[in-house]
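For reference, the structure discussed in these notes is given below.
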Ligand SMILES: [Zn+2]
């Protein structure tokens, strides 16, 4: 599979692919297809990567592959979700002590 056009996640350093959703928003997905993913990804006629949510009325097309949004698997984001509230306060404390 071609790695051309891949970007790198700023949070975890893993490769990601930027796609544009039907709403015109940018969505980063994992470059490798994942059957457990919830996002259909394809390349349009202009060579742009597009993504959408498959639905009952519009199921996956033959030219689309399922991917997972990168944020769903990004290790950096998983850690953020699990951070206890107190850690933020500790960071503030450190910053105050070293910020002179
Ligand atoms: Zn990441």
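Whether a residue is more than 16 Å from the ligand (Cβ to nearest atom), assigned to a loop (DSSP other than H, G, I, E, B), at pLDDT 95 or above and exposed (fewer than 13 other Cβ atoms within 10 Å of the Cβ) was assessed, and residue 57 passes this test.
Within region 21-33, the set of residues being assigned to a loop (DSSP other than H, G, I, E, B) and either in contact with a helix residue (DSSP H, G or I) (Cβ under 6 Å, 6 or more places away or on another chain) or surrounded by 13 or more Cβ atoms within 10 Å (Cβ to Cβ) (or both) comprises 30, 31, 33.
Does residue 36 fit the bill of being over 19 Å from residue 76 (Cβ atoms) and either in contact with a helix residue (DSSP H, G or I) (Cβ under 7 Å, 6 or more places away or on another chain) or without any contact (Cβ under 8 Å) to a residue 12 or more places away in the chain (or both)? If you could, list the steps in order and put the result at the bottom.
Numbers: over 19 Å from residue 76 (Cβ atoms): yes; either in contact with a helix residue (DSSP H, G or I) (Cβ under 7 Å, 6 or more places away or on another chain) or without any contact (Cβ under 8 Å) to a residue 12 or more places away in the chain (or both): no.
For residue 36, the condition - over 19 Å from residue 76 (Cβ atoms) and either in contact with a helix residue (DSSP H, G or I) (Cβ under 7 Å, 6 or more places away or on another chain) or without any contact (Cβ under 8 Å) to a residue 12 or more places away in the chain (or both) - is not met.
Taken over region 1-20, the criterion of being more than 16 Å from the ligand (Cβ to nearest atom), in contact with a strand residue (DSSP E or B) (Cβ under 9 Å, 6 or more places away or on another chain) and either in a loop (DSSP other than H, G, I, E, B) or free of Cβ contacts under 8 Å to residues at least 24 places away in the same chain (or both) is satisfied by 3, 5. Look at region 66-77: where a residue is farther than 10 Å from residue 12 by Cα and without any contact (Cβ under 8 Å) to a residue 60 or more places away in the chain and a partner is near the ligand (Cβ under 10 Å from one of its atoms) and not in a helix (DSSP H, G or I), sitting 6+ places away or on another chain with Cβ atoms under 6 Å, you get 67/30; 68/30.
The values are calculated or read from the model by the stated rules, or taken from the named source; none is laboratory data. Computed from a predicted model, the values in this text were never measured in an experiment. Here the Cβ is made from the backbone with ideal geometry for all residues, glycine too, and neighbour counts use every protein chain on show.
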